[in-house]
Amino acid sequence: MAAKDITARQATHVAIIMDGNGRWATSRGWPRLVGHRRGANRVRAIVRAAPGFGIRYLTIFAFSTENWKRSTEEVIGLMALFARYIRNEADKLDEAGVRVNFIGSRDRLDPNIQNLMAGIEQKTRTNDRLVLTIAINYGGRDEIVRAARRLASDVAGGKLQPGDVDEAALEARLDTADLPDPDLIIRTSGETRTSNFLLWQSAYAEYEFTETLWPDFTAEELGRIINRFGRRERRFGGVLSA
Ligand code: IPE
Ligand code: IPE
Ligand code: MG
């Protein structure tokens, strides 16, 4: 590993587990969906602020493969919110030079949302100021299983030998094949677990946990976290050179 990697200080790829919308709302006696709506506003603010902190890749966890367990009302409300976000933000994101991508399994999503997703990906595909990756119906285990299935089918089809299956071959079949690994993963709301987010990609990520609920998370707090990250020592299994 090159020395420059060992001392890297810039958080180029930041991933966020946006948690706490439900608690934010229920603590005020409001329906959980009000918290999700407020959370979507925070996404707008954080995406706007990210390039100013040197972030080139921002990946956000919006809906997990496990979130289908929630009430039908909440799931439908969240899906409507995703659709509205894409419709309302497409032009603004494009003008701001943001390239939008999605990770996760799309099959189970409503065809209208799948079309909106494909549309914004296509519209913003040549932008390069910030790559915004939105994880919808995403689970790290599901992603690895789907990649393994692709490997198996390539081997069965004679395109790949079993001995060619290595880290790079698997990585190339993940939803994140075009993204660098995250440098920093932030989780809001005081929970200190990964909840199935970027399992493969997080091998050497730094983690930051904040008590702040996602609807209260600000660009200022992101800035403080980024500054703290800049002072961390990342060794990637090596030894720091003097
Ligand atoms: C995160 O907030 C958003 C999604 C999971 C969609 P939550 O809805 O999990 O909020 P809490 O954890 O119940 O407070
Ligand atoms: C993780 O949050 C998923 C998202 C933020 C989209 P959850 O609220 O679903 O995770 P758990 O249930 O607390 O582990
Ligand atoms: Mg939660």
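Listing for the model above:
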read-out: Candidate set: the stretch 188-215, residues that are surrounded by fewer than 22 Cβ atoms within 10 Å (Cβ to Cβ) and more than 28 Å from S27 (Cβ to Cβ); chosen: the one farthest from ligand 1 (Cβ to nearest atom); value: Y204
read-out: Failed item, numbered, when V34 is tested on (1) more than 19 Å from the chain's Cα centre (by Cα); (2) within 13 Å of ligand 2 (Cβ to nearest atom); value: (2)
read-out: Residue satisfying condition, being modelled with pLDDT under 95 and either within 16 Å of ligand 1 (Cβ to nearest atom) or closer than 24 Å to E206 by Cα (or both), within set M18, M79, M1; value: M1
read-out: Restricting the stretch 169-209 to residues that are free of Cβ contacts under 8 Å to residues at least 24 places away in the same chain and farther than 25 Å from R9 by Cα, the residue that is farthest from ligand 3 (Cβ to nearest atom); value: A169
read-out: Residues within the stretch 147-187 that are part of a loop (DSSP other than H, G, I, E, B) and exposed (fewer than 15 other Cβ atoms within 10 Å of the Cβ), tallied; value: 9
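Matching residues to (1) touching a Phe, Trp or Tyr at 6+ places or on another chain (Cβ under 7 Å); (2) assigned to a strand (DSSP E or B); (3) touching a residue at least 12 places away in the same chain (Cβ under 8 Å); (4) within 27 Å of Y204 (Cα to Cα):
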{"site": "V34", "(1), (2), (3), (4)": "no, no, no, no"}
{"site": "V47", "(1), (2), (3), (4)": "no, no, yes, yes"}
{"site": "I60", "(1), (2), (3), (4)": "no, yes, yes, yes"}
{"site": "V75", "(1), (2), (3), (4)": "yes, no, no, no"}
{"site": "I86", "(1), (2), (3), (4)": "no, no, yes, no"}
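The values are calculated or read from the model by the stated rules, or taken from the named source; none is laboratory data. Bear in mind that the values here come from a model prediction, so they are computed numbers and not experimental data. Don't worry about glycine lacking a Cβ; one is built from the backbone with ideal geometry, like all the others, and counts go over all protein chains shown.
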